[in-house]
Amino acid sequence: MRSLILSVVVLLGLLWPSFSHAQFYTGSQQTFGKNRVQHENFFWYYYRFNDYNIYFYAGGNQIAEYTARATRRIKSDLERNFDYNIDDKIHFIVYNKIGQYHQSNIDYVDEEFNTGGQTQLSGNKVFLYYEGDYNKLDEQIQRGLATIIMNKMMYGENWKEVIKNSALLSIPDWYVNGLVSYASRPWNAEVENRVIDGYTSKKYKRFNRLEGIDAEYAGHAIWRYIEEVYGSRVIPNIVYMARVSRNVESGFLFVLGISLKELIQNCADYYIEKSRLELENREMPDLELTYKGKKRPLYRNLKKQPGGSKLAYVTNVLGRNRLYVYDTETKKRKKIMADGTRLQRVNDQSKPVVFWSKDGSKLAVITEKKSNSWLTLYDTESKEKVERPIYQLEKILSADFHPTGKNIVLSAINRGQTDLYTFTYSSSVLKRLTDDLYDDLEPHYSRDGQKILFSSNRPGEIDEEPENANSSLLG
């Protein structure tokens, strides 16, 4: 009888589906001064596959399913390009939005330190957060997998190899960060402009001492140059020879036949000449913009007042946002509000959402407070502020006023979908306009308020009314 019961239990275990739930450490036990502020409790589920697991929580089922499909494709492409296979199981932890990712202490515990400095350890965990655009999620997956491949190629598979190679192999920031950027981000106008600016401004003069975003773009430029001149197939050989010889410079010398110093100079000459040819027939302004001050905030969301003289813009310093209105006639600026806290981690560049009413009388700002969205209307004449909560939405990405000023159209995330909504702020009524798997972004009302223009990854052309649309809300 006991044998029969045991057989039934084993059979049920074998037939149990790969979808399950789990609780795991998310960095809650921290030393003083680095504790998370958690507004929500997450109950985790996961999908189990042969070579990776996808962890998610309520509302993230659709994001997790997309991650599972995209990972298979991206992992195969990266393994083929780097000529390296990942044998260990990878764990993807998926957050529905970056604000919920910030409620954990994940990125405070992803590195180990000893008395001699920082010890590089290769891990198999990739943390993702949905930004309302699956193309951006693809890039996050690519960066995570490329980082794992690079760590394993440079430092080895097991802990003994990691410790030995970490002690003997010194790698500049641009080498790994640039290669990860090269593998995960396509070469486009933004990357090229940053690279050319770095070379022409002599910011990349001390190449091996570059840090942060400068090291990433400069390294991307080096690997891109190698691809164009020598071909992409030599890159895995360069990385392999660097590990075998335990010297980064030897990898370039053995494979390319030139020293690292020559390679850096040739790369600089290449991009400077490319910049000269592109600017040869352009007329550039004589005015040179200068910046005075010790702090260098990031300026975003510049919005001009319709028919007026005011400019609204946001500054960001380590995640702390400040909204200002600058009057181009009086040359004075006024701080409207501050949002967020200073964090030494990934900043949410999508907030706050700032937009003007069509007549320029009101400035609208959408922020997040304790995982809820709030709309603030600032009257430029009376200087009064009115706040309204917007419930049922996880995150608002962009918005626009109706010409009458009564309604607002929103692009927002809810349960892993980016759809369009209208919000009547006088009555706090929210209406859904689209409900599908496609990303609907950057909505704008037409001048007469009868139509909504937006960008989307929908296939083909669409010439129809949005599903569930209420014409009274559109005009």
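The values are calculated or read from the model by the stated rules, or taken from the named source; none is laboratory data. As the structure is a prediction and not an experimental result, all values here were calculated from the model. Note that each Cβ is placed from the backbone with ideal geometry, even for glycine, and that neighbours are counted across all protein chains shown.
To keep it simple, each residue is scored yes or no on (1) in contact with a Lys or Arg (Cβ under 7 Å, 6 or more places away or on another chain); (2) closer than 30 Å to L437 by Cα; (3) not assigned by TED's automatic domain parsing to the domain that holds K304.
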| residue | (1), (2), (3) |
| --- | --- |
| R320 | yes, no, no |
| Y326 | yes, no, no |
| D348 | no, yes, no |
| K351 | no, yes, no |
| D379 | yes, no, no |
| E384 | no, no, no |
| R388 | no, yes, no |
| E394 | yes, yes, no |
| S398 | no, yes, no |
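For region 208-222, enumerate the residues that are surrounded by fewer than 21 Cβ atoms within 10 Å (Cβ to Cβ) and touching a helix residue (DSSP H, G or I) at 6+ places or on another chain (Cβ under 7 Å).
Selection gives E211, D214.
Can you report the number of residues in region 368-403 which are under 21 Å from E442 (Cα atoms) and in a loop (DSSP other than H, G, I, E, B)?
Residues meeting the conditions: 6.
In region 74-93, what count of residues is obtained for those that are assigned to a helix (DSSP H, G or I) and within 18 Å of K125 (Cα to Cα)? Full working, then the answer.
Applying the first criterion (assigned to a helix (DSSP H, G or I)) to region 74-93 yields 74-82.
Still in the list and also within 18 Å of K125 (Cα to Cα): 74-76, 78-79.
Total meeting the criteria: 5.
What residue, of L137, L121, L145, is surrounded by fewer than 17 Cβ atoms within 10 Å (Cβ to Cβ) and either assigned by TED's automatic domain parsing to the domain that holds Y45 or modelled with pLDDT of 90 or more (or both)?
Going through L137, L121, L145 in turn, the sole match is L121.
Scan region 57-85 for residues that are in contact with a Gly (Cβ under 9 Å, 6 or more places away or on another chain) and among the aromatic types (F, W, Y) and jot them down.
Once the filter is applied, which keeps residues that are in contact with a Gly (Cβ under 9 Å, 6 or more places away or on another chain) and among the aromatic types (F, W, Y), region 57-85 yields only Y66.
If N407 passes every condition in (1) surrounded by 22 or more Cβ atoms within 10 Å (Cβ to Cβ); (2) within 28 Å of the chain's Cα centre (by Cα) but one, which one does it miss?
All conditions pass for N407, except number (2).
Filter region 397-437 for residues that are within 27 Å of V94 (Cα to Cα) and touching a helix residue (DSSP H, G or I) at 6+ places or on another chain (Cβ under 9 Å) and give the result.
R415, G416, Q417, T418, L433, L437 - these are the residues of region 397-437 that are within 27 Å of V94 (Cα to Cα) and touching a helix residue (DSSP H, G or I) at 6+ places or on another chain (Cβ under 9 Å).
Any residue in region 384-395 that is of a type in the set (S, T, N, Q) sitting within a Cβ distance under 8 Å of a residue that is surrounded by 11 or more Cβ atoms within 10 Å (Cβ to Cβ) and not in a strand (DSSP E or B)? List the pairs, counting only those 6 or more apart or interchain.
Here the result reads none, with nothing in region 384-395 linked to a residue that is surrounded by 11 or more Cβ atoms within 10 Å (Cβ to Cβ) and not in a strand (DSSP E or B).
For region 237-263, enumerate the residues that are touching a residue at least 60 places away in the same chain (Cβ under 8 Å) and in a helix (DSSP H, G or I).
V239, Y240, A242, R243, V248
Return the residues of region 64-87 that are of a type in the set (D, E) and modelled with pLDDT under 90; say none if nothing qualifies.
D83, D87 - these are the residues of region 64-87 that are of a type in the set (D, E) and modelled with pLDDT under 90.
Within region 67-79, is even one residue surrounded by 19 or more Cβ atoms within 10 Å (Cβ to Cβ), among the β-branched types (V, I, T) and without any contact (Cβ under 8 Å) to a residue 60 or more places away in the chain?
Checked against the condition, which is being surrounded by 19 or more Cβ atoms within 10 Å (Cβ to Cβ), among the β-branched types (V, I, T) and without any contact (Cβ under 8 Å) to a residue 60 or more places away in the chain, region 67-79 yields no hits at all.
For region 178-189, what are the residues that are under 22 Å from L145 (Cβ atoms) and free of Cβ contacts under 8 Å to residues at least 12 places away in the same chain?
P186, N188
When you look at N468, is it exposed (fewer than 13 other Cβ atoms within 10 Å of the Cβ) and modelled with pLDDT under 90, yes or no?
Judged against the criteria, N468 is a match.
Answer yes if at least one residue in region 3-17 is of a type in the set (S, T, Y), modelled with pLDDT of 90 or more and more than 25 Å from V180 (Cβ to Cβ), and no otherwise.
No: zero hits.
Specify the residue that is farthest from K97 (Cα to Cα); the eligible residues are those in region 321-350 that are assigned to a strand (DSSP E or B) and either among the β-branched types (V, I, T) or modelled with pLDDT under 80 (or both).
V325
Tell me which residues, restricted to region 171-221, are in contact with a Leu (Cβ under 7 Å, 6 or more places away or on another chain) and of a type outside the set (G, A, S).
Within region 171-221, D173, W174, Y204 meet the criteria.
Yes/no per residue for (1) farther than 17 Å from S350 by Cβ; (2) of a type in the set (S, T, Y):
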position	(1), (2)
I390	no, no
K406	yes, no
L410	no, no
S428	yes, yes
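Pick from region 39-59 the residues that are in contact with a helix residue (DSSP H, G or I) (Cβ under 9 Å, 6 or more places away or on another chain) and assigned to a loop (DSSP other than H, G, I, E, B): which of them is surrounded by the fewest Cβ atoms within 10 Å (Cβ to Cβ)? Walk me through it before giving the result.
We begin by selecting, within region 39-59, every residue in contact with a helix residue (DSSP H, G or I) (Cβ under 9 Å, 6 or more places away or on another chain); these are 39-40, 42, 45-47, 49, 51-52, 54-57.
With the extra rule that they be assigned to a loop (DSSP other than H, G, I, E, B), the set shrinks to 39-40, 42, 49, 51, 57.
Working: H39: 13, E40: 11, F42: 17, F49: 14, D51: 13, Y57: 20.
Filtering first and then ranking leaves E40.
Among the residues of region 411-424, what is the count of those that are surrounded by fewer than 20 Cβ atoms within 10 Å (Cβ to Cβ) and over 19 Å from N135 (Cα atoms)?
The number of residues fulfilling the criteria is 1.
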